[in-house]
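The values are calculated or read from the model by the stated rules, or taken from the named source; none is laboratory data. For clarity, every value in this text was computed on a predicted model and none was experimentally measured. Cβ sites come from the backbone with ideal geometry, for glycine too, and all protein chains shown count toward neighbours.
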Amino acid sequence: MQTLDNPNLTANNSPAFDTTIHRRKTRPVQVGNVTIGGGYPVVVQSMINEDTLDIDGSVAAIRRLHEIGCEIVRVTVPSMAHAKALAEIKQKLAETYQPVPLVADVHHNGMKIALEVAKHVDKVRINPGLYVFEKPTGDRTEYTQAEFDEIGAKIRETLEPLVISLRDQGKAMRIGVNHGSLAERMLFTYGDTPEGMVESALEFIKICESLDFYNIVISLKASRVPVMLAAYRLMVKRMDELGMEYPLHLGVTEAGDGEYGRIKSTAGIGTLLAEGIGDTIRVSLTEAPEKEIPVCYSILQALGLRKTMVEYVACPSCGRTLFNLEEVLHKVREATKHLTGLDIAVMGCIVNGPGEMADADYGYVGKQSGYIALYRGREEIKRVPEDRGVEELINLIKTDGRWVDP
């Protein structure tokens with residue numbers, strides 16, 4: 001028998017379902033003036049396309065991204081010249097704009113490049129799958145434990161100077177595992193699996209920990225969403241078992257472009273965020289980097305993790321709709337899209353309108369032919385002719401002192 005003493009029920013005996021996303025507890029990792037993890041808002045990242053040797057082009061590209069909300073920007077450093085160019089890029093950003101948290105993508109096991117670039121950026125990203133010390137042979141069927149450990153020792157020896165440099169400078173590292181580039185011994189030992197991805201990351205984490213370095217962010221990206229989901233979930237399970245609390249960088253790699261690229265990224269990133277997993281995200285599109293940022297913020301806003309735009313609630317339209325809903329929604333959005341933080345509902349009729357828009361700050365509802373009912377929360381404020389609907393909505397927002405000029 002259900003009673004009010006049951007903590008899973010509300011006062012009216014309906015189930016008390018928790019609608020809040022409870023994020024996994026992670027340690028804070030500082031990247032420039034931005035903190036990843038530690039309960040801070042989920043951080044948005046992207047990567048410039050420009051050749052890092054193009055100082056002015058790179059500075060302009062970083063600035064474009066930062067100005068539209070990209071909080072951490074990644075650059076590629078395939079050579080020592082590229083690494084040294086980052087010193088000029090960082091200086092020019094500070095002189096002409098402002099400091100921007102920068103991450104360097106170090107290719108292969110180029111430690112000289114990594115040590116140089118570590119002087120000039122806030123975080124270095126390494127891919128464990130590119131630390132290759134074995135020569136592939138066509139007739140190999142396994143790695144013995146001795147061979148596995150010997151290569152692990154070489155990795156540690158190679159990685160140690162970079163870890164010490166980042167540790168001593170108070171900078172960060174991303175251990176970025178990619179499903180498509182697992183090292184051969186991981187493939188032989190664990191297969192082309194999420195387990196192989198996780199064990200690859202753990203090997204590098206343990207090297208860092210042995211050197212008293214904990215400013216680590218982990219990513220386990222794959223181009224297939226189910227693989228990506230399984231890898232991150234397994235990583236969380238293994239970290240929980242080992243008492244680790246490293247923040248996670250989420251992404252679906254090589255997601256493509258257009259609508260499908262956005263849906264694919266959202267399916268992977270959004271699913272994990274809804275489970276409380278993830279502290280920073282990047283949507284990887286085969287488009288201009290600037291196109292990635294709105295997708296990131298849309299995912300975060302949809303989940304209630306960050307509020308960076310107006311939240312519009314609108315019904316899908318049906319035979320009861322009393323005006324051109326698509327046209328009116330467009331007009332309302334164009335007039336109010338700069339009012340960050342507001343929830344505005346545009347509903348076609350009175351049947352579902354007040355109920356489905358109950359959480360909105362303002363409502364615009366077709367209540368009778370030719371007239372619009374304007375609501376503040378659940379309260380109907382006034383009815384106005386349809387052709388004055390948007391104007392009167394603006395006036396209502398102004399009356400409440402919540403309007404700002406675009």
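Please return the ranges of helices (runs of 4 or more DSSP H) entirely within the stretch 215-308 where 2 or more residues are modelled with pLDDT under 95. So that I can check it myself, show each step before the final result.
On the way: elements: 225-242, 258-274, 292-302.
The qualifying helices (runs of 4 or more DSSP H) are 258-274, 292-302.
Going through the stretch 167-193 one residue at a time, which ones are in a loop (DSSP other than H, G, I, E, B) and in contact with a strand residue (DSSP E or B) (Cβ under 8 Å, 6 or more places away or on another chain)?
Within the stretch 167-193, Gly170, Lys171 qualify.
Would the stretch 194-203 turn up any residue that is at pLDDT 95 or above, part of a strand (DSSP E or B) and under 19 Å from Met111 (Cα atoms)?
Checked the stretch 194-203: no residue is at pLDDT 95 or above, part of a strand (DSSP E or B) and under 19 Å from Met111 (Cα atoms).
Checking the conditions here, which among Ile372, Ile350, Ile381 is surrounded by 12 or more Cβ atoms within 10 Å (Cβ to Cβ), at pLDDT 90 or above and aliphatic (A, V, I, L, M)? Even if it seems obvious, please write down each step before you answer.
Values: Ile372 fails: at pLDDT 90 or above; Ile350 fails: at pLDDT 90 or above.
The match here is Ile381.
Only one residue in Gly170, Gly191, Gly180 is free of Cβ contacts under 8 Å to residues at least 60 places away in the same chain and surrounded by fewer than 19 Cβ atoms within 10 Å (Cβ to Cβ). Which one?
Testing whether each residue is free of Cβ contacts under 8 Å to residues at least 60 places away in the same chain and surrounded by fewer than 19 Cβ atoms within 10 Å (Cβ to Cβ) leaves just Gly191.
Determine whether Arg185 is touching a Lys or Arg at 6+ places or on another chain (Cβ under 6 Å), touching a residue at least 24 places away in the same chain (Cβ under 8 Å) and buried (at least 16 other Cβ atoms within 10 Å of the Cβ).
No.
Just one of the numbered conditions (1) touching a residue at least 24 places away in the same chain (Cβ under 8 Å); (2) over 17 Å from Glu209 (Cα atoms); (3) more than 28 Å from the chain's Cα centre (by Cα) is not true of Asn127; which one?
That leaves (3) as the condition not met.
Would you please name the residue that is nearest to the chain's Cα centre (by Cα), looking only at residues in the stretch 55-82 that are closer than 18 Å to Ala94 by Cβ and charged (D, E, K, R)?
Kept after step one, since they are closer than 18 Å to Ala94 by Cβ, are these residues of the stretch 55-82: 55-67, 70-73, 75.
So of that shortlist, the ones also charged (D, E, K, R) come out as 56, 63-64, 67, 71.
Values: Asp56: 27, Arg63: 19, Arg64: 18, Glu67: 17, Glu71: 10 Å.
Looking at the filtered set, the residue picked out is Glu71.
Touching a helix residue (DSSP H, G or I) at 6+ places or on another chain (Cβ under 8 Å) and among the basic types (Lys, Arg): does that describe Lys154? So that I can check it myself, show each step before the final result.
Numbers: touching a helix residue (DSSP H, G or I) at 6+ places or on another chain (Cβ under 8 Å): no; among the basic types (Lys, Arg): yes.
Considered against the rule, which asks whether it is touching a helix residue (DSSP H, G or I) at 6+ places or on another chain (Cβ under 8 Å) and among the basic types (Lys, Arg), Lys154 comes out as no.
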